[in-house]
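Shown next, in structure tokens, is the structure this report addresses.
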Amino acid sequence: MPEEMDKELERPAVAIEDAEHPLIEPGHSYSTVTDHISAIVLTRKTPRWWWIGFGISFIVLNILLFSLGALVIKGIGLWGINQPVGWGLDIINFVWWIGIGHAGTLISAILLLLRQDWRTSINRFAEAMTLFAVACAGIYPIFHTGRPWLAYWMFPVPNTMGVWPQVRSPLIWDVFAISTYATVSALFWYVGLIPDLATLRDRARVKGAKIFYGILAMGWRGSARHWARYETASLLLAGLATPLVISVHTVVSFDFAAGIIPGWHATIFPPYFVAGAIFAGFAMVLVLSIPLRAAYKLEDFITMRHLDNMAKVMLATGLIVAYGYMMETFMAWYSGNEYEMYMMTNRLVGPYKYFYYALLFCNVAAPQVLWFAKFRRNVRTLFTVAIIVSIGMWLERFIIIPVSLHRDFLPASWGMYWPTVFDWSTFAGTLGLFFALMFLFLRVLPMISIFEMRTMVPPAEGRPRK
Amino acid sequence: MSSQPIQSNAPLDLDAIRTQLSSVQGPQFWRSLEEVARTPEFQAYLDHEFTPGTSDWTDPVSRRRLVELLGATLGLAGLTACTKQPPEAIVPYVKAPEEFIPGKPLYYATAIPVSGYSDGVLVESHMGRPTKVEGNPEHPASLGSTDVFRQASILTLYDPDRSQAVAREGRISSWVHFLATAAALRETLLSNRGAGFRILTETITSPSLLAALRALLAELPEAKWCQFEPVSRQNVHDGTRLAFGEVLHPVYHVDKAEVIVSLDADLFGSGPGAVRYSRDFAARRKVGGASESQPKAMNRLYVVEPCPSITGGIADHRLALPVSEIEKFARALAAELGAVSGLSAPASSQAHAWVKAVASDLLRHKGAGLVAAGAQQSATVHALAHAINTALGNNGATVSYLDPIETASPQSLPELAREMESGKVSTLLMLGGNPLYSSPADLNFAEVLRKVKLRIHLGEYDDETSAVCHWHINEAHPLESWGDTRAYDGTITVQQPLIDPLYNGRAAIEVISALAGRPGVSSHDLVKEFWRARYKDASAPDSFRSAKDLGADSVLPQFTLDEAWQKQVHDGFIPASAGAGKRVTLARDLGAVLASAAAASIFELNFRPDPSAYDGRFANNAWLQELPRPITKITWDNAVLLSPAAAQKLNLVTGEVVELRHSGRVLRAPVCIVPGHADASLTLHLGYGRWRGGRIANNVGSNANRLRTSSQLWSMSGVEVVKTGGKHLLAITQEHNSMEGRNLIRSATLAEYIKKPDFAQEGEHAVKNPLSLFPEYKYEGYSWGMAIDLNACTGCNACTIACQAENNIAVVGKSEVLRGREMHWIRLDRYFEGSLDNPTIHHQPVACMQCDNAPCEVVCPVAATSHSSEGLNQMTYNRCVGTRYCANNCPYKVRRFNFFLYGDWESKSLHGLRNPDVTVRSRGVMEKCTYCVQRINLARIEAEKEDRRIADGEVVSACQAVCPAQAISFGDLNDPKSRVSKVKADSRNYGLLTDLNTRPRTTYLARVRNPNLELEKA
């Protein structure tokens, strides 16, 4: 094991050989890397835009608190859900947020195992994004219940009633999948932070900061033994997290696939959901990283090569998603089932047809520009496509959930679903929560892994200057 | 009252005060010198009664007031802790009333009259609280079923908006005060022989009330009695007078008819006898049955009507014609059949084929045909129907003519209004009714009423009429007072109270008795006295009916007077008191009388009683308001109903507001497009647009009475329809009217059915093998199941409202219905099939199917919905956290969610209404049909006490019990001899969406139509 570990450490960074598109711009040494990243947290003056951004996010976060407070006091009827559409923006946003989180886990776990070194500079904030997205997602399953104060009944809590959760329900699978996912993601993120927290502890000048980072660093001294254990732990966690990338969204897709509603009951859902999640996740990483690298002048660390790679992943998963749409349509026809066929007809010509067309534009048409290197390397285009894909993936959940529910088997009970102001304010509020947490993260923790970036520096330049 | 001194600038005239006081004899109390001096300031003070500013309290809360109130609430909130709750002693019965066992309901036979006619009912009473109305199985008008109004009337009983006190000029007074006024009034009336005294009543069929009224009128020869019913049967009476020369009451024997032709008669939807007619009709539709050898014969129903009704919905052939054309149709039919000599048939190309086909069908079934004209049709149409029935020998077979059930009053409302206008009326006593709201617009009742010096109103609600009356007496609900009424066939039905009047309300007979010099005698004593007298003196002269007819001779030989009374009260009606059919002969000059035909015009506007609000008397009943109207599925509104073609012509869509104009009167109302409506015709239901009807009724819909005139009560020609561009949101519960080609309601013609009795299973993809690795569950004990016969179901909504009453189902209000959150556990899906202009209408009651493979059960994360060992899909409210996953996954969409706290937990009076055997659900939980599990368990307890199995028919679900058509059967599927097992063995039996492998326990019997081949080809 230690031998393997050594090999792992000695392994040359693949990327360094690609001179044209390096993973780190030339001219950096170990100390410049460390200086540059830690300065954002420790020495640089908090930029004005940070205060503005955090302030706005914090205000929007308060909208969330208000919306949820009203929800608990008045009832779930504040939302636009009804009979037949029992789930609306609540579950749409839940799935959307969970999906966004996937990129972080994929980058930190699967790409780590696949030794894709280009992940290094983006994995830290992608993981943070995962955690915050899961936090936002987690709000919905609790507050979307009619009696949120009893939502804990979905956990196997020993109780005097002697009743346990009903394990045949996909919602219970969800509970376990999401809570495992949140736990592993948090651990992975935190373990990966420890060496950098130690660096910050050592570099901090203010006493409070020293104590803060000191406690969080858990006595990291950088000894070889620490490093060996660190590597073991992160590999193990990566191993644990890898199946989660697949399983979480697979289980989320079961919420629908296990139902009997046309538009839900489809075997293609698990892979199609996972691909969709990665698609959405990478779009969100791009949406976040492009402004960040500009604001903090991190173009040296998050290079065009990173953006290019992420664009490729988006293109690939986008094609899988497109295949999913195609298969849904094909199966609706091939099944010969009148309800399935009607479901598809309703998507195409029903009252929500423009949502479906918008979805096809956002998720199928728009990403096709990424076939061309010219567009992949144009930051503005890439940012626009990422935003479009984020919207498209939200629309996909809208199509799957309310549009399938609103017209199912008995035409007499068909209805319509329109979100209310409380639906939107809750959604906006979770965005507020996400960005408020993101801003805090940027301010307090190193957004790029310092120690991992140091391994990216070419050996000749990594040597300390004389 | 404030003790502030009255500000007066004028000096007091003390001398004048002294003289005034000295001139008074006896004790006279005075509060101040100002009072004695009767200064204008004091008068103003008295007039105000309350200190300035207090009037604001009765006004809607102003912003300033709201802030004050909020502040005060906050300040006073702390004070509650300082008060001690008054002690409330709980005293058990030392000697319990007979048969009174806590927790066990008792049933009492009584009657709930609507427009004077009663269907016998049994009312369930829990610890002295009436909670549920059922039909009286022995009563001929009910046979155990009821309509929606009787079901919902229990809510009216507990309605917090009911008038709760006697009021004098709008201020709370008391019955005793009224009695004093009544005594004084009596003195005056006796002295002037009742001149200027008028009594206005609703339809009276009650023998005792009529006798009391007659006695009073006999004392006051110059007083007059006027009867006004907004949904009157005047045309029925006029029609018989035209045809036979005397006023008669036609009663149909639908079960004996092979061919029924309805000329706009909503036989099964409204009017006296609707429940019985539904039952009789459905009995002739149940083809097949358990034994396939049963004769596959069915009756045939033709309906000609302007606006689709439930009767039209179940018809084998339906023809949409405007009212003016219906008269032509009736003429043509009569002429074709040669029913009236000297009648020439007007050429009516539209319905020519119809006339021929119907006539030949009627001719084929002489003596077994029935032509019924609707109560809203003109007297001419009635006369023609009678003539046809007479000509075909149907009289005495399928229709009998009785002496009128209701007694015609000497005065009509227009006559009364004219007298009031000229100032001839000095005192008007209104016993029930709400004429200010419901009288036709041309009478200007609101204005002429003000010319009456003393106006007394007895009513259940402090309504539009009572607002302008000097005295308002709160009327007792039928379940609070004694009385007697008559059913559609004349059966005398006894009305006994289930509860003491909640608000000390009075019955009409008590008010009359107070005026007749017997104040304070209870309705019980008055009614009992009347019947004892009747029994005792069987030969007492009476213009109404002889006591012999009233069953006295069948009762008296066996019983004492007291026993006879007891039996009558216990049974709820007097057996064999139905009227006997009379021999009638057609007037000879009928042909000449009917010679002139009415001119047709574009856009006739027809008024009809509303299926929910009726004439407005049920407008404050939230159950009825929220009940989707049978064809339109509108809730909480009325609308101008019109055909798709008319809408296209006028460029209107559903929800657009139009202005209806006729002879200077204007009414704004939204339109609703109804497939199958007659083209040149509009329909507007009565009973809406009330402004003082209570919190539920106010400002709902448009008041049709503002257009109605006394000469054109039911149909008004030449109405101008003007588009306003306004929009109105109609809360329609079913927006999608097509079955989308799905196999949901299966139907065939009789011929097809005979050829292929299992047509319903054709194209069925039901999963036959279990598709599971696990062995199938065996239902060892009971296995409950239900079957609904779509061939019998008329779509009358009675099941929906019976379920609501039985299961404490909350009302959600219009805004929530608009969002699709209505709570009904059993709903009626209505589909149109065929052409837009004359579609076939299908109804399908859908409640929880109690699937054996329930999709809802597997997805519940907390096991709040689970399967019982008897096959019930159970809902555990306490366990439900409200994820709504079950509702999403239910293919039948029968699960209902409490998005808010829908149940009214605040109104104290509604507490009494709740069925104690059913949980009142809270916010955030799912609910749905339970197959009335509380009734199953009640029967189980009884059976286990006696150590036996629950017998077939012992458990009757609420929907099954109420169904006038007996369409629903329920019972144990493990018992092959149970009724439901037999019904399910029928070849017409099929399950809904069985291809999903849900294995529903509720199944349907496919519909079989019996079309006339002559018309089918056309």
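The values are calculated or read from the model by the stated rules, or taken from the named source; none is laboratory data. Computed from a prediction, not measured in an experiment: that's the story for all the values here. Cβ coordinates were reconstructed from backbone atoms using ideal geometry, including for glycine residues, and neighbour counts include every protein chain displayed.
Are there any pairs with C-beta distances below 7 angstrom linking a residue in segment A:255-272 that is at the interface with chain B (Cβ under 8 Å from one of its Cβ atoms) and farther than 12 Å from B:CYS886 by Cα to a residue that is crowded, with 22+ Cβ neighbours inside 10 Å and polar (S, T, N, Q), with the two at least 6 apart or on different chains, and if so which?
Listed by first residue and then by second, the contacts come to nothing, as the list is empty.
Return the residue satisfying two criteria in turn: it lies in segment A:173-223 and is buried (at least 21 other Cβ atoms within 10 Å of the Cβ) and of a type in the set (S, T, N, Q), and of such residues it is farthest from the other protein chains (Cβ to nearest Cβ).
A:THR199
Which of the residues spanning segment A:117-170 are within 14 Å of another protein chain (Cβ to nearest Cβ), more than 30 Å from A:GLY77 (Cα to Cα) and not hydroxyl-bearing (Ser, Thr, Tyr)?
Going residue by residue through segment A:117-170, those that are within 14 Å of another protein chain (Cβ to nearest Cβ) are A:140-157, A:159-170.
If we keep only those that are more than 30 Å from A:GLY77 (Cα to Cα) too, we end up with A:160, A:162.
A:GLY162 - this is the single residue of segment A:117-170 that is within 14 Å of another protein chain (Cβ to nearest Cβ), more than 30 Å from A:GLY77 (Cα to Cα) and not hydroxyl-bearing (Ser, Thr, Tyr).
Given the criteria touching a helix residue (DSSP H, G or I) at 6+ places or on another chain (Cβ under 6 Å) and surrounded by fewer than 21 Cβ atoms within 10 Å (Cβ to Cβ), does B:ASN989 qualify?
Working: touching a helix residue (DSSP H, G or I) at 6+ places or on another chain (Cβ under 6 Å): no; surrounded by fewer than 21 Cβ atoms within 10 Å (Cβ to Cβ): yes.
Against the criterion (touching a helix residue (DSSP H, G or I) at 6+ places or on another chain (Cβ under 6 Å) and surrounded by fewer than 21 Cβ atoms within 10 Å (Cβ to Cβ)), B:ASN989 does not qualify.
With (1) in a loop (DSSP other than H, G, I, E, B); (2) more than 23 Å from the chain's Cα centre (by Cα); (3) surrounded by 15 or more Cβ atoms within 10 Å (Cβ to Cβ) as the list, and B:VAL721 as the residue in question, which single condition is left unmet?
(1)
Could you list, ordered by first residue, the pairs with Cβ atoms under 7 Å in which the first is in segment B:670-685 and in contact (Cβ under 8 Å) with a residue 12 or more places away in the chain and the second is surrounded by fewer than 24 Cβ atoms within 10 Å (Cβ to Cβ) and of a type in the set (Ser, Thr, Tyr), at least 6 apart or interchain?
Sorted first by the residue in segment B:670-685, then by its partner, the pairs are B:VAL671/B:THR654; B:CYS672/B:THR654; B:ILE673/B:THR654.
What number of residues in segment B:866-880 are within 9 Å of chain A (Cβ to nearest Cβ) and crowded, with 24+ Cβ neighbours inside 10 Å?
1
Can you tell me which residue within segment A:399-416, out of those that are in a loop (DSSP other than H, G, I, E, B) and facing chain B (nearest Cβ under 7 Å), is nearest to B:PRO845 (Cα to Cα)?
First pass over segment A:399-416, keeping only residues in a loop (DSSP other than H, G, I, E, B): A:401, A:406-410, A:414-416.
If we keep only those that are facing chain B (nearest Cβ under 7 Å) too, we end up with A:408-410, A:414-415.
Working: A:ASP408: 18, A:PHE409: 15, A:LEU410: 12, A:TRP414: 16, A:GLY415: 18 Å.
The qualifying residue nearest to B:PRO845 (Cα to Cα) is A:LEU410.
Among the numbered conditions (1) facing another protein chain (nearest Cβ under 10 Å); (2) buried (at least 21 other Cβ atoms within 10 Å of the Cβ), tell me where B:CYS851 comes up short.
(1)
Kindly evaluate A:GLY336 against the criterion of being within 12 Å of another protein chain (Cβ to nearest Cβ), over 30 Å from B:LYS633 (Cβ atoms) and either buried (at least 21 other Cβ atoms within 10 Å of the Cβ) or modelled with pLDDT under 90 (or both). Walk me through it before giving the result.
Working: within 12 Å of another protein chain (Cβ to nearest Cβ): yes; over 30 Å from B:LYS633 (Cβ atoms): yes; either buried (at least 21 other Cβ atoms within 10 Å of the Cβ) or modelled with pLDDT under 90 (or both): yes.
Judged against the criteria, A:GLY336 is a match.
Given the criteria touching a residue at least 12 places away in the same chain (Cβ under 8 Å), surrounded by 18 or more Cβ atoms within 10 Å (Cβ to Cβ) and within 14 Å of chain B (Cβ to nearest Cβ), does A:TYR325 qualify?
Working: touching a residue at least 12 places away in the same chain (Cβ under 8 Å): yes; surrounded by 18 or more Cβ atoms within 10 Å (Cβ to Cβ): yes; within 14 Å of chain B (Cβ to nearest Cβ): no.
Spelling it out, it is not the case that A:TYR325 is touching a residue at least 12 places away in the same chain (Cβ under 8 Å), surrounded by 18 or more Cβ atoms within 10 Å (Cβ to Cβ) and within 14 Å of chain B (Cβ to nearest Cβ).
Has segment B:748-764 got any residue that is within 14 Å of chain A (Cβ to nearest Cβ), in contact with a Ser or Thr (Cβ under 7 Å, 6 or more places away or on another chain), part of a loop (DSSP other than H, G, I, E, B) and not polar (S, T, N, Q)? Break it down stepwise before answering.
Quick first cut of segment B:748-764, residues within 14 Å of chain A (Cβ to nearest Cβ) only: B:763-764.
Filter once more, so that each one left must be in contact with a Ser or Thr (Cβ under 7 Å, 6 or more places away or on another chain): B:764.
Imposing the further condition that a residue be part of a loop (DSSP other than H, G, I, E, B) reduces the set to B:764.
Imposing the further condition that a residue be not polar (S, T, N, Q) reduces the set to B:764.
Within segment B:748-764, one or more residues are within 14 Å of chain A (Cβ to nearest Cβ), in contact with a Ser or Thr (Cβ under 7 Å, 6 or more places away or on another chain), part of a loop (DSSP other than H, G, I, E, B) and not polar (S, T, N, Q).
Would you be able to say whether some residue in segment B:777-794 is in contact with a helix residue (DSSP H, G or I) (Cβ under 8 Å, 6 or more places away or on another chain), small (Gly, Ala, Ser), surrounded by 17 or more Cβ atoms within 10 Å (Cβ to Cβ) and under 28 Å from B:ARG629 (Cβ atoms)?
Looking through segment B:777-794, at least one residue is in contact with a helix residue (DSSP H, G or I) (Cβ under 8 Å, 6 or more places away or on another chain), small (Gly, Ala, Ser), surrounded by 17 or more Cβ atoms within 10 Å (Cβ to Cβ) and under 28 Å from B:ARG629 (Cβ atoms).
Working carefully through the options B:PHE897, B:PHE832, find the one that is surrounded by fewer than 24 Cβ atoms within 10 Å (Cβ to Cβ), in the same structural domain as B:LEU996 (by TED's automatic domain parsing) and within 29 Å of the chain's Cα centre (by Cα).
Numbers: B:PHE897 fails: surrounded by fewer than 24 Cβ atoms within 10 Å (Cβ to Cβ).
On inspection, the qualifying residue turns out to be B:PHE832.
Is it the case that some residue within segment A:416-430 is buried (at least 23 other Cβ atoms within 10 Å of the Cβ), more than 29 Å from A:TYR190 (Cβ to Cβ) and in contact (Cβ under 8 Å) with a residue 40 or more places away in the chain?
Yes.
Suppose we filter segment A:349-377 for residues that are in a loop (DSSP other than H, G, I, E, B) and either over 17 Å from A:VAL285 (Cβ atoms) or within 22 Å of the chain's Cα centre (by Cα) (or both); how many remain? Please lay out each step first, then the result.
Pass one, segment A:349-377, residues in a loop (DSSP other than H, G, I, E, B): A:350-352, A:372, A:377.
Retained after the next criterion (residues that are either over 17 Å from A:VAL285 (Cβ atoms) or within 22 Å of the chain's Cα centre (by Cα) (or both)): A:350-352, A:372.
Result for segment A:349-377: 4.
Restricted to segment B:914-972, and to residues that are acidic (Asp, Glu) and either surrounded by fewer than 18 Cβ atoms within 10 Å (Cβ to Cβ) or assigned by TED's automatic domain parsing to the domain that holds B:GLY313 (or both), which residue is farthest from B:VAL123 (Cα to Cα)? Give the derivation first.
Taking segment B:914-972 and keeping what is acidic (Asp, Glu), we get B:917, B:927, B:942, B:944, B:946-947, B:952, B:954, B:972.
Now narrow it down to the ones that are either surrounded by fewer than 18 Cβ atoms within 10 Å (Cβ to Cβ) or assigned by TED's automatic domain parsing to the domain that holds B:GLY313 (or both): B:942, B:944, B:946-947, B:952, B:954.
Numbers: B:GLU942: 20, B:GLU944: 26, B:GLU946: 26, B:ASP947: 29, B:ASP952: 23, B:GLU954: 18 Å.
That would be B:ASP947.
Are any residues in segment A:439-451 surrounded by fewer than 21 Cβ atoms within 10 Å (Cβ to Cβ), in a helix (DSSP H, G or I), out of contact with any helix residue (DSSP H, G or I) (no Cβ under 6 Å at 6 or more places or on another chain) and hydrophobic (A, V, I, L, M, F, W, C), and if so, which ones?
A:LEU440, A:VAL444
Please work out which residue is farthest from the other protein chains (Cβ to nearest Cβ), limiting yourself to segment A:273-314 and to residues that are buried (at least 23 other Cβ atoms within 10 Å of the Cβ) and part of a loop (DSSP other than H, G, I, E, B).
A:PHE301
For the list (1) buried (at least 18 other Cβ atoms within 10 Å of the Cβ); (2) under 30 Å from A:MET310 (Cα atoms), I need the number of the one condition that A:PRO170 fails.
A:PRO170 satisfies every listed condition except (2).
Can you tell me which of B:THR407, B:THR380, B:THR427 is of a type in the set (Ser, Thr, Tyr), at pLDDT 90 or above and on the phi < 0 side of the Ramachandran plot? Walk me through it before giving the result.
Working: B:THR407 fails: at pLDDT 90 or above; B:THR380 fails: at pLDDT 90 or above.
Going through B:THR407, B:THR380, B:THR427 in turn, the sole match is B:THR427.
Run A:ALA436 past the list (1) closer than 26 Å to A:ALA311 by Cα; (2) away from chain B (no Cβ under 14 Å) and report the number of the one that doesn't hold.
That leaves (1) as the condition not met.
Out of the residues in segment B:118-140 meeting the condition of being more than 15 Å from B:ARG914 (Cα to Cα), part of a strand (DSSP E or B) and charged (D, E, K, R), tell me which one is modelled with the lowest pLDDT. Quick ask: steps written out before the conclusion?
Here is the first cut: in segment B:118-140, the residues more than 15 Å from B:ARG914 (Cα to Cα) are B:118-122, B:134-140.
Keeping just the survivors that are part of a strand (DSSP E or B) gives B:118-122, B:134-135.
Among the residues that remain, those that are also charged (D, E, K, R) are: B:119, B:134.
Values: B:ASP119: 87, B:GLU134: 92.
Ranking the qualifying residues of segment B:118-140, first place goes to B:ASP119.
Count, please, the residues in segment A:70-115 that happen to be more than 14 Å from chain B (Cβ to nearest Cβ), more than 16 Å from the chain's Cα centre (by Cα) and touching a residue at least 40 places away in the same chain (Cβ under 8 Å).
Qualifying residue count, segment A:70-115: 3.
If only one of A:GLY77, A:GLY69 is surrounded by 14 or more Cβ atoms within 10 Å (Cβ to Cβ) and at pLDDT 90 or above, which one is it? If you could, list the steps in order and put the result at the bottom.
On the way: A:GLY69 fails: surrounded by 14 or more Cβ atoms within 10 Å (Cβ to Cβ).
Sole residue among the options that is surrounded by 14 or more Cβ atoms within 10 Å (Cβ to Cβ) and at pLDDT 90 or above: A:GLY77.
Between B:ALA600, B:ALA646, B:ALA576, which is in a helix (DSSP H, G or I) and either closer than 30 Å to B:ARG661 by Cβ or modelled with pLDDT under 85 (or both)? Spell out the reasoning first.
On the way: B:ALA600 fails: in a helix (DSSP H, G or I); B:ALA576 fails: in a helix (DSSP H, G or I).
Matching residue, one of B:ALA600, B:ALA646, B:ALA576: B:ALA646.
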